[in-house]
Amino acid sequence: MVSALDNTRMVSAQYALKNLRSSDDGSQDAQSSSAASILSSYGLDSSSASLLSNQALSGLLDTLSAKGDTSGEANATGDSADVTSASFMSMLKKQLQDAAAAEGESGKAHDMLAALEAGTLTISDPTQGVSIAAWDVDNPDEAHTDSKTGKAIDVSGWSDFLDAHLERGADGTFVKKNGSHVDQTNDSNAYFGLIGSNYYYLSWPQAAAA
(Lines give C-alpha, C1' and ligand atoms only; values in the text may rest on other atoms or scores of the structure.)
Protein backbone atom coordinates (compact mmCIF):
# COMPACT_ATOMS: atom_id res chain seq x y z
CA MET A 1 0.00 0.00 0.00
CA VAL A 2 1.29 3.44 -0.90
CA SER A 3 1.28 5.73 2.12
CA ALA A 4 0.31 9.40 2.08
CA LEU A 5 3.99 10.25 2.53
CA ASP A 6 4.97 8.09 -0.44
CA ASN A 7 2.24 9.69 -2.56
CA THR A 8 3.32 13.22 -1.60
CA ARG A 9 6.94 12.35 -2.30
CA MET A 10 6.00 10.94 -5.70
CA VAL A 11 3.99 14.01 -6.76
CA SER A 12 6.75 16.35 -5.59
CA ALA A 13 9.38 14.40 -7.49
CA GLN A 14 7.27 14.29 -10.64
CA TYR A 15 6.88 18.08 -10.63
CA ALA A 16 10.62 18.45 -10.05
CA LEU A 17 11.36 16.06 -12.90
CA LYS A 18 9.06 18.01 -15.23
CA ASN A 19 10.93 21.20 -14.37
CA LEU A 20 14.26 19.42 -14.82
CA ARG A 21 13.35 18.14 -18.28
CA SER A 22 12.10 21.54 -19.36
CA SER A 23 15.22 23.35 -18.11
CA ASP A 24 17.73 21.84 -20.55
CA ASP A 25 18.09 25.26 -22.15
CA GLY A 26 17.66 27.10 -18.85
CA SER A 27 20.06 28.21 -16.20
CA GLN A 28 22.40 25.89 -14.36
CA ASP A 29 20.89 27.08 -11.07
CA ALA A 30 17.42 26.00 -12.19
CA GLN A 31 18.71 22.56 -13.18
CA SER A 32 20.55 22.12 -9.89
CA SER A 33 17.45 23.16 -7.94
CA SER A 34 15.27 20.66 -9.79
CA ALA A 35 17.86 17.93 -9.35
CA ALA A 36 18.07 18.60 -5.61
CA SER A 37 14.28 18.53 -5.35
CA ILE A 38 14.11 15.08 -6.94
CA LEU A 39 16.76 13.65 -4.64
CA SER A 40 15.27 15.25 -1.53
CA SER A 41 11.81 13.91 -2.40
CA TYR A 42 13.13 10.40 -1.98
CA GLY A 43 15.25 11.06 1.08
CA LEU A 44 18.47 11.09 -0.91
CA ASP A 45 21.39 13.45 -0.48
CA SER A 46 20.55 16.67 -2.32
CA SER A 47 24.23 17.69 -2.21
CA SER A 48 24.80 15.05 -4.90
CA ALA A 49 22.67 16.96 -7.41
CA SER A 50 25.62 18.67 -9.07
CA LEU A 51 27.17 15.28 -9.88
CA LEU A 52 24.08 13.88 -11.59
CA SER A 53 23.07 14.43 -15.20
CA ASN A 54 19.46 15.19 -16.18
CA GLN A 55 19.26 11.84 -17.96
CA ALA A 56 20.56 9.97 -14.93
CA LEU A 57 18.11 11.74 -12.61
CA SER A 58 15.24 10.91 -14.94
CA GLY A 59 16.26 7.27 -14.84
CA LEU A 60 16.52 7.32 -11.05
CA LEU A 61 13.06 8.81 -10.65
CA ASP A 62 11.56 6.30 -13.07
CA THR A 63 13.30 3.55 -11.10
CA LEU A 64 11.97 4.67 -7.72
CA SER A 65 8.51 5.31 -9.19
CA ALA A 66 8.10 1.78 -10.53
CA LYS A 67 6.31 0.24 -7.56
CA GLY A 68 6.52 -3.54 -7.66
CA ASP A 69 8.46 -3.60 -10.94
CA THR A 70 11.88 -4.89 -9.91
CA SER A 71 12.95 -5.50 -13.50
CA GLY A 72 12.37 -1.82 -14.20
CA GLU A 73 14.47 -0.89 -11.19
CA ALA A 74 17.32 -3.07 -12.37
CA ASN A 75 17.26 -1.75 -15.92
CA ALA A 76 16.73 1.94 -15.21
CA THR A 77 20.42 2.47 -14.47
CA GLY A 78 21.33 1.47 -18.02
CA ASP A 79 24.02 -1.00 -19.05
CA SER A 80 25.88 -2.05 -15.93
CA ALA A 81 29.61 -1.45 -15.70
CA ASP A 82 31.82 -4.24 -14.38
CA VAL A 83 32.23 -3.05 -10.81
CA THR A 84 34.82 -5.79 -10.17
CA SER A 85 37.22 -4.50 -12.84
CA ALA A 86 40.32 -2.33 -12.63
CA SER A 87 38.85 -0.02 -15.27
CA PHE A 88 35.90 0.69 -12.96
CA MET A 89 38.26 1.40 -10.05
CA SER A 90 40.25 3.78 -12.23
CA MET A 91 37.06 5.63 -13.20
CA LEU A 92 35.95 5.72 -9.57
CA LYS A 93 39.23 7.21 -8.36
CA LYS A 94 39.23 9.86 -11.10
CA GLN A 95 35.66 10.87 -10.23
CA LEU A 96 36.45 11.07 -6.52
CA GLN A 97 39.58 13.12 -7.22
CA ASP A 98 37.57 15.57 -9.32
CA ALA A 99 34.86 15.81 -6.66
CA ALA A 100 37.44 16.29 -3.90
CA ALA A 101 39.08 19.11 -5.87
CA ALA A 102 35.69 20.79 -6.21
CA GLU A 103 35.06 20.43 -2.45
CA GLY A 104 38.18 22.27 -1.40
CA GLU A 105 40.21 21.10 1.57
CA SER A 106 37.76 18.60 3.05
CA GLY A 107 34.43 16.88 2.49
CA LYS A 108 32.71 13.61 1.71
CA ALA A 109 34.65 13.01 -1.52
CA HIS A 110 37.92 13.44 0.40
CA ASP A 111 36.73 10.86 2.91
CA MET A 112 35.75 8.36 0.21
CA LEU A 113 39.03 8.91 -1.66
CA ALA A 114 41.02 8.30 1.54
CA ALA A 115 39.00 5.12 2.17
CA LEU A 116 39.66 3.97 -1.40
CA GLU A 117 43.39 4.44 -0.97
CA ALA A 118 43.26 2.67 2.41
CA GLY A 119 41.30 -0.27 1.00
CA THR A 120 38.28 0.36 3.26
CA LEU A 121 35.78 1.61 0.66
CA THR A 122 33.04 -0.87 -0.27
CA ILE A 123 30.88 -0.60 -3.38
CA SER A 124 27.52 -2.35 -3.65
CA ASP A 125 25.11 -2.79 -6.55
CA PRO A 126 22.00 -4.73 -5.50
CA THR A 127 20.57 -4.57 -9.03
CA GLN A 128 23.47 -6.80 -10.09
CA GLY A 129 23.76 -8.63 -6.75
CA VAL A 130 27.40 -7.78 -6.06
CA SER A 131 29.49 -5.98 -3.45
CA ILE A 132 33.25 -5.47 -3.56
CA ALA A 133 36.04 -3.77 -1.64
CA ALA A 134 37.48 -1.04 -3.86
CA TRP A 135 41.20 -0.95 -4.53
CA ASP A 136 43.62 1.78 -5.59
CA VAL A 137 44.79 1.10 -9.15
CA ASP A 138 47.82 3.33 -8.53
CA ASN A 139 49.07 1.10 -5.73
CA PRO A 140 52.16 -0.76 -7.03
CA ASP A 141 50.88 -3.95 -5.41
CA GLU A 142 47.79 -3.78 -7.67
CA ALA A 143 49.69 -3.03 -10.88
CA HIS A 144 48.74 -6.36 -12.47
CA THR A 145 45.24 -6.63 -11.04
CA ASP A 146 42.66 -6.64 -13.83
CA SER A 147 39.71 -7.67 -11.68
CA LYS A 148 38.72 -9.20 -8.35
CA THR A 149 35.92 -11.44 -7.23
CA GLY A 150 33.04 -9.62 -5.60
CA LYS A 151 30.77 -10.82 -2.82
CA ALA A 152 27.31 -11.97 -3.84
CA ILE A 153 24.45 -10.04 -2.22
CA ASP A 154 20.69 -10.28 -2.61
CA VAL A 155 19.39 -8.88 -5.88
CA SER A 156 16.86 -6.11 -5.25
CA GLY A 157 15.72 -2.70 -6.42
CA TRP A 158 17.28 0.44 -5.03
CA SER A 159 14.22 1.42 -2.99
CA ASP A 160 14.25 -1.81 -0.98
CA PHE A 161 18.03 -1.79 -0.62
CA LEU A 162 18.23 1.77 0.65
CA ASP A 163 15.36 1.27 3.07
CA ALA A 164 17.13 -1.81 4.46
CA HIS A 165 20.43 0.03 4.97
CA LEU A 166 19.49 3.63 5.80
CA GLU A 167 17.19 5.01 8.48
CA ARG A 168 14.39 7.35 7.49
CA GLY A 169 13.35 10.23 9.70
CA ALA A 170 9.77 11.28 10.41
CA ASP A 171 9.79 13.46 7.27
CA GLY A 172 10.75 10.52 5.05
CA THR A 173 14.33 11.65 4.37
CA PHE A 174 17.30 9.45 5.20
CA VAL A 175 18.91 10.39 8.51
CA LYS A 176 22.45 11.78 8.59
CA LYS A 177 25.01 11.72 11.37
CA ASN A 178 27.89 14.20 11.27
CA GLY A 179 27.05 15.07 7.68
CA SER A 180 26.86 11.53 6.28
CA HIS A 181 24.28 8.80 6.05
CA VAL A 182 24.98 5.84 8.33
CA ASP A 183 24.52 2.23 7.27
CA GLN A 184 22.28 0.53 9.83
CA THR A 185 23.81 -2.89 9.16
CA ASN A 186 27.41 -2.08 10.11
CA ASP A 187 27.45 1.55 11.40
CA SER A 188 29.64 2.73 8.50
CA ASN A 189 29.31 5.99 6.59
CA ALA A 190 27.31 5.64 3.40
CA TYR A 191 26.73 7.40 0.09
CA PHE A 192 24.38 6.64 -2.80
CA GLY A 193 25.14 8.27 -6.12
CA LEU A 194 26.27 8.15 -9.70
CA ILE A 195 29.64 6.64 -10.62
CA GLY A 196 30.15 6.89 -14.34
CA SER A 197 26.66 6.32 -15.79
CA ASN A 198 25.28 3.98 -13.12
CA TYR A 199 24.21 4.21 -9.48
CA TYR A 200 26.16 2.59 -6.67
CA TYR A 201 26.10 2.46 -2.88
CA LEU A 202 29.43 3.27 -1.24
CA SER A 203 30.27 2.71 2.41
CA TRP A 204 33.38 3.28 4.51
CA PRO A 205 34.27 3.20 8.24
CA GLN A 206 33.41 6.18 10.40
CA ALA A 207 36.36 8.17 11.69
CA ALA A 208 37.44 7.20 15.19
CA ALA A 209 36.38 9.63 17.87
CA ALA A 210 39.16 11.98 18.93
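Please verify whether residue 157 is farther than 25 Å from residue 207 by Cα, in contact with a Gly (Cβ under 7 Å, 6 or more places away or on another chain) and either in contact (Cβ under 8 Å) with a residue 60 or more places away in the chain or crowded, with 20+ Cβ neighbours inside 10 Å (or both), treating the condition exactly as stated.
Criteria not met by residue 157.
Quick one: would you say residue 122 is more than 24 Å from residue 81 (Cβ to Cβ) and of a type in the set (Val, Ile, Thr)?
Criteria not met by residue 122.
Within region 170-187, identify whether any single residue is under 18 Å from residue 114 (Cα atoms), assigned to a strand (DSSP E or B) and either in contact with a Cys (Cβ under 6 Å, 6 or more places away or on another chain) or not hydroxyl-bearing (Ser, Thr, Tyr) (or both), and answer yes or no.
yes
Restricting to helices (runs of 4 or more DSSP H) lying wholly in region 54-140: which have 3 or more residues that are open to solvent by less than 10 Å² (accessible area, probe 1.4 Å) and modelled with pLDDT under 90?
Answer list for region 54-140: 54-65.
Can you tell me which residues in region 166-205 are open to solvent by 40 Å² or more (accessible area, probe 1.4 Å) and in contact with an Asp or Glu (Cβ under 7 Å, 6 or more places away or on another chain)?
Across region 166-205, the qualifying residues are 175, 184.
Yes/no per residue for (1) at pLDDT below 90; (2) small (Gly, Ala, Ser):
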{"position": "150", "(1), (2)": "no, yes"}
{"position": "156", "(1), (2)": "yes, yes"}
{"position": "167", "(1), (2)": "yes, no"}
{"position": "175", "(1), (2)": "yes, no"}
{"position": "178", "(1), (2)": "yes, no"}
{"position": "192", "(1), (2)": "yes, no"}
{"position": "198", "(1), (2)": "yes, no"}
{"position": "204", "(1), (2)": "no, no"}
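For the list (1) farther than 16 Å from residue 93 by Cα; (2) over 18 Å from the mean Cα position of the chain (by Cα), I need the number of the one condition that residue 174 fails.
It is condition (2) that residue 174 fails.
The values are calculated or read from the model by the stated rules, or taken from the named source; none is laboratory data. Being a predicted model, the structure only gives us computed values, none of them experimental. Because the Cβ atoms are built from the backbone with ideal geometry, glycine has one as well, and the counts that use them run over all protein chains shown. Ligands, DNA and RNA are stripped out before the accessible areas are found, and what is left, the full protein with its side chains, is counted by its heavy atoms. Shrake-Rupley method; radii C 1.70, N 1.55, O 1.52, S 1.80 Å.
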